[in-house]
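Encoded as structure tokens, the structure appears first; notes follow it.
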Amino acid sequence: MGIDARIFKTLERNNINVSIVSQGSSERGIGLVVDSNKAKWAKNALDAEFEGDYATKDINMITVMEEVSVVSIVGQDLSTFHLPYNALIKNQIVPLLFNNTVSGKNVSLVVKKTDLNKALNVMHGQIFGISNKVNLALFGHGNVGGTLIDQILKSAKSIEERKGIDVRIFAIANSRKVLFDKKGVSKNWKHAIQEKGISYTLDDIFAYARDNHLENLIAVDNTASQDFVGHYLDFVSNGFDLVSSNKIANTLGFDYYRSLRAELAKKQKQYLYETNVGAGLPLIDTIKLLHLSGENITRIKGVFSGSLSYIFNTFSESEKRFSEILKDAMNSGYTEPDPREDLSGNDVGRKLLILARELDLSNEFPDIDIENLIPETLRKGKVEEFLTQLDVLDEKFEAIKERQQQDHVLRYVGDLYGDLQKEKGILEVKLISVPKQSALGQVKGSDSIIEIYTESYGEHPLVIQGAGAGAAVTARGVFGDILRIADKGRKI
Ligand SMILES: NC(=O)c1ccc[n+]([C@@H]2O[C@H](COP(=O)([O-])OP(=O)(O)OC[C@H]3O[C@@H](n4cnc5c(N)ncnc54)[C@H](OP(=O)(O)O)[C@@H]3O)[C@@H](O)[C@H]2O)c1
């Protein structure tokens, strides 16, 4: 008698009914669902029946898995079963057993009891075409994060109507407090975080999502914190996709850059960061697609900093002193509180590095040749002291302006070039003088402009230009990344 027949005869003798059977075609294992109060009894009976087979190693082990639930989907056509199935996997729910009828449209899955509610939430969205819930945990509610929350709350209803995506913010956190609401925070979130915010660790956030069976989780990083980036892998392990306006994760060592991506691939999670360069401009996605399609990108050059764009556009056109323009930029909120962070060129360097890595170049931050615009003597010390010595900058930049050829203007650019098919490219951040009529020369206000040179575009680069900084455009770009992940989840 075959193994299967002996199993069923033994269970029949012991009056144990089997509700689901699932077996691999190679007969390497068979799974059965029986009443939980009869599971141990069934195991004992089968152990006795197969005692001799254990000795000959024809049987390896018989185990009981408790606390499982059966989900039956009646009317589910197998041709579209991949949608709920993939949605389960994406939410880290791996079915233990799977069973279908040959003629009818009936599929049953066995899942851990602790996963049951989440599994039902996930599959309802996919099977019955009701809106797919996307649950967001937002970190940082300053300029960008706060604007993003308001944008999401304003558009949520129309996105649900148009796209069938129900975007909810279940957690808003700053460095000290978190506000939880499993149904999604409402318009008065600023007041609520003051009144109901509680101190937290990230484990509290993971536990809240788990205990409330929240599906399709996305963590959104709108901080500028390196500490927070240190937890990205924890988010991935806990089933979150990631969206970030924070540039730090992409400019740490190349080993970390690679290991984060390997972990994301292993856990089938996404990490999107379109706003890392050029804020809301569609730059990273364009470069990714060109590169993926095999287009040979030969050079990327542009004005990446909104504050330095404003400063040099104004300085080149007007008679005002450099220091006056710098102060105007500070008062308009274009620069960091200490403008030396902009003038050092490090921020432009970081953006250029992020683009280089999109082309699979393994450059590190110290590889970048950065022309620091701050004279050596003014690099250290308090910002107040620095601001009393701006005449040194006036002299320096006036001399550079006068040395230019006629009809030329100054631009502070990032330039990635060299043999970009090799392991590393050449990355330079520098002040250059360009003809006023050139694309770079015509950029206005605090706009960014980026030229992408490729083999197909030849001498005429693809040019992306527009507002490359500001809370509203950056938040809109972050929102776009969230919707990209949500939309992909709907069609998996
Ligand atoms: N503004 C732009 O044009 C632009 C463009 C592209 C990218 N970005 C990037 O966007 C990010 C946010 O910029 P922002 O101007 O909105 O900054 P911000 O106004 O200074 O706000 C930062 C927020 O992050 C929170 N935070 C800091 N450390 C945290 C931690 N460890 N855990 C949780 N929350 C933490 C802060 O909370 P506390 O009050 O508790 O510290 C605050 O709510 C930055 O990375 C920036 O580089 C900005």
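Some observations on this one:
- For ILE464: the one exception among (1) in a helix (DSSP H, G or I); (2) touching a strand residue (DSSP E or B) at 6+ places or on another chain (Cβ under 7 Å): (1)
- Residue count for segment 123-173 under the criterion of being more than 16 Å from the ligand (Cβ to nearest atom) and of a type outside the set (D, E, K, R): the result is 20.
- Flag for LYS444 being at pLDDT below 95, open to solvent by 40 Å² or more (accessible area, probe 1.4 Å) and assigned by TED's automatic domain parsing to the domain that holds LEU290: yes
- Verdict on VAL413 being aliphatic (A, V, I, L, M) and surrounded by fewer than 15 Cβ atoms within 10 Å (Cβ to Cβ): no
- When TYR310 is tested against (1) assigned by TED's automatic domain parsing to the domain that holds TYR417; (2) more than 16 Å from the ligand (Cβ to nearest atom); (3) more than 19 Å from GLU428 (Cα to Cα), exactly one condition is not met: (2).
- Exactly one residue among ARG299, ARG258 is more than 21 Å from VAL478 (Cα to Cα), at pLDDT 95 or above and not assigned by TED's automatic domain parsing to the domain that holds PRO337, and that residue is ARG258.
- Here ALA279 does not fit the description of being within 16 Å of the ligand (Cβ to nearest atom), assigned to a loop (DSSP other than H, G, I, E, B), open to solvent by 10 Å² or more (accessible area, probe 1.4 Å) and not basic (Lys, Arg).
- Taken as a whole, the structure places GLU215 among residues that are surrounded by 22 or more Cβ atoms within 10 Å (Cβ to Cβ), more than 16 Å from the ligand (Cβ to nearest atom) and outside any strand (DSSP E or B).
- Selection of segment 397-424 for residues being touching a helix residue (DSSP H, G or I) at 6+ places or on another chain (Cβ under 8 Å) and in a helix (DSSP H, G or I) yields PHE397, GLU398, LYS401.
- Flag if ALA119 is surrounded by 15 or more Cβ atoms within 10 Å (Cβ to Cβ) and over 23 Å from the mean Cα position of the chain (by Cα): yes
- Residue in segment 296-303 that is within 13 Å of the ligand (Cβ to nearest atom) and either among the charged types (D, E, K, R) or open to solvent by 10 Å² or more (accessible area, probe 1.4 Å) (or both) present: no
- No other residue among VAL392, VAL434 is assigned to a helix (DSSP H, G or I) and surrounded by 11 or more Cβ atoms within 10 Å (Cβ to Cβ) apart from VAL392.
- Of the residues making up segment 253-272, at least one is away from the ligand (no atom under 12 Å from the Cβ) and on the phi > 0 side of the Ramachandran plot.
- Number of the condition not met by ASP227 [criteria: (1) assigned to a loop (DSSP other than H, G, I, E, B); (2) within 11 Å of the ligand (Cβ to nearest atom); (3) at pLDDT 95 or above; (4) surrounded by fewer than 22 Cβ atoms within 10 Å (Cβ to Cβ)]: (1)
- Among the residues making up segment 187-201, those that are polar (S, T, N, Q) and either touching a Ser or Thr at 6+ places or on another chain (Cβ under 6 Å) or not in a strand (DSSP E or B) (or both) are ASN188, GLN194, THR201.
- GLU324 farther than 29 Å from TYR417 by Cα, assigned by TED's automatic domain parsing to the domain that holds ALA399 and more than 16 Å from the ligand (Cβ to nearest atom): yes
One line per residue, one yes/no per condition, for (1) open to solvent by 10 Å² or more (accessible area, probe 1.4 Å); (2) modelled with pLDDT of 95 or more:
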position	(1), (2)
THR314	yes, yes
LYS320	yes, yes
SER332	yes, no
ASP338	yes, no
LEU343	no, yes
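- Lone qualifier among VAL167, VAL178, VAL110 - being within 23 Å of the chain's Cα centre (by Cα), open to solvent by less than 30 Å² (accessible area, probe 1.4 Å) and farther than 24 Å from LYS488 by Cα: VAL178
The values are calculated or read from the model by the stated rules, or taken from the named source; none is laboratory data. Here the structure is a predicted model, which is why all the values come from computation and not from measurement. Methodologically, a virtual Cβ is constructed for each residue, glycine included, from the backbone with ideal geometry; neighbour enumeration extends over all protein chains shown. These area figures cover heavy atoms from the full protein model, side chains too; ligands, DNA and RNA do not enter into them. Shrake-Rupley method; radii C 1.70, N 1.55, O 1.52, S 1.80 Å.
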